[in-house]
């Protein structure tokens, strides 16, 4: 099959200066080379778009090497094996991997994991039963260490990570407070996902609304956005509160946003901890098992924003950085 | 004896607006009442001046109640029992307690602990073998969890807490980097206390000097000052660094100073944790035992700035907030 196909791929054409734009990306079409011994070819069905990619586009000092210029953009994918010269994979296997922004990916299989797409929809392995889900699980259980009866808040609450944080918090007997942009997202967070309250940060009275949503203060906070939202939540933190710092999307695309009153960390004896879930591979099996069971049994809900076709990826990615997505942002590639 | 004495005391006369001034304090002289059953009278020899007192002077939300107006300023003291109607204390006992800014204190004894002033000088119980020492011990061992070979930095390094942090870090096999204000303090930190390096934050090239002092980056940071020093240290933190947040003296006396680039917490997966050592009484016996033995055997050195007489306390306190003290700030009361 491979010899009849060209592969469409999106490369990083240039590094952003300030805000990222579509001009930083370039769509190219290249022929697929025949497989070597040990290699696997995957037709990618879905590409995951994630905030961390913005960091890779810059060459500032980071925990990860920058995305090289003129190479295919990094990205998680799910798809189906179409050709295999590797005994661990057979044609038709559904796999999750890091195939990048392209229609076909070719690898030695070390980044691929065969998944069961019968009980859990394939795309969920990029969301609630994938890296975003494990991220939520780790922050809530290993950093916040949420206990029944506590109030747990999460920003970007309707997103891939935030929606799992709140639902797991509820399942653990906590009060779950979401923060999201817009009335529609907030309604979804409360009515569909079952959070106790959701604060619309675009409504212009973030501090009052947070106070009303968390009348007993906030014990644990899962942070995805940073900036003014973080400042506002800090003011409501209870003594000995814990903050899992997963993302600061407000500072990715341009200047970093300061924390205005860091003395709160001292006054309330708070813990703030940044983390990267790929550095905690030991928890993945346990977390994925729990998340998969919850999704399969309908106890963990998720929502997806699906852009159609590889060429839609750059716009969808930039929109996600601005909060335009509603749920896990994916690109459907087939 | 008591009936022949008046007691000189310093009260909080008014709350500071912005910077604290001597006008916020008032010296009064009041007669000592006869002791009731169960009470102990202590002639205070030394009063401890500590940054936390600045927080108590304001009535902003805090972990502790504000210091009431027109009452004696709170403060740790060491002294000698001069009169006792409490069977646990006898005249001549040396005690450490929270006697406040006054020459005599009277209590039911619950805040008093009899100490051995033979092996360890009495004043040390307000410093290296007291709250500042235990604060250093807790932050280094329980939050930073310093390991041999790591680089540990501490601000206000010549002070009561910082000097213990660095000496304990050296004893644990770490590289110890001090940050202090002025060449004289830095010389003391390196030449007398044995730190590996000390950066003078007043020398005008904080970032370059920090980089030179910690060529392999900083794994643990014990923070006493906040502000620009914290921002500069953050830039040098290694992945998975830990920051024990003990004080932010730069923000006490006026406006809080922001953390400029909080994305570093995420990028380097840092932990920041605020703490108050009086909330961790379980470690005090172990810490005091270790600190006392180190002081008695000459392995833990300390330095004191001693103001003479109760009336000197307000000026000495304000000077300490501005970093004028050199070592633990005390007031000698007898």
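So the values come out like this:
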read-out	value
Extreme residue, nearest to the chain's Cα centre (by Cα), among residues of region B:312-323 that are at pLDDT 95 or above and buried (at least 19 other Cβ atoms within 10 Å of the Cβ)	B:317
Check on residue B:297, free of Cβ contacts under 8 Å to residues at least 40 places away in the same chain and more than 19 Å from residue B:182 (Cβ to Cβ)	yes
Failed item in (1) free of Cβ contacts under 8 Å to residues at least 40 places away in the same chain; (2) part of a helix (DSSP H, G or I); (3) in contact with a strand residue (DSSP E or B) (Cβ under 9 Å, 6 or more places away or on another chain), with residue A:195 passing the rest	(2)
Within region B:83-96, tally of residues that are surrounded by fewer than 21 Cβ atoms within 10 Å (Cβ to Cβ) and closer than 30 Å to residue B:297 by Cα	7
Residue in region B:43-58 that is more than 16 Å from residue B:331 (Cβ to Cβ), surrounded by fewer than 15 Cβ atoms within 10 Å (Cβ to Cβ) and either more than 20 Å from the chain's Cα centre (by Cα) or away from chain A (no Cβ under 14 Å) (or both) present	no
Every residue from region A:183-192 that is touching a residue at least 24 places away in the same chain (Cβ under 8 Å) and surrounded by fewer than 19 Cβ atoms within 10 Å (Cβ to Cβ)	A:184, A:192
Residue match in region B:122-136 (condition: assigned by TED's automatic domain parsing to the domain that holds residue B:75, at negative phi, part of a loop (DSSP other than H, G, I, E, B) and surrounded by fewer than 20 Cβ atoms within 10 Å (Cβ to Cβ))	no
Breaking point among (1) outside any helix (DSSP H, G or I); (2) surrounded by fewer than 19 Cβ atoms within 10 Å (Cβ to Cβ); (3) more than 7 Å from chain A (Cβ to nearest Cβ), for residue B:330	(2)
Candidate set from region B:150-181 (those that are part of a loop (DSSP other than H, G, I, E, B) and in contact with a helix residue (DSSP H, G or I) (Cβ under 6 Å, 6 or more places away or on another chain)); member that is surrounded by the fewest Cβ atoms within 10 Å (Cβ to Cβ)	B:181
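The values are calculated or read from the model by the stated rules, or taken from the named source; none is laboratory data. Since the model is a prediction, treat every value here as computed from it, not as a measurement. Here Cβ is always computed from backbone atoms with ideal geometry, including for glycine, and neighbour counts include all displayed protein chains.
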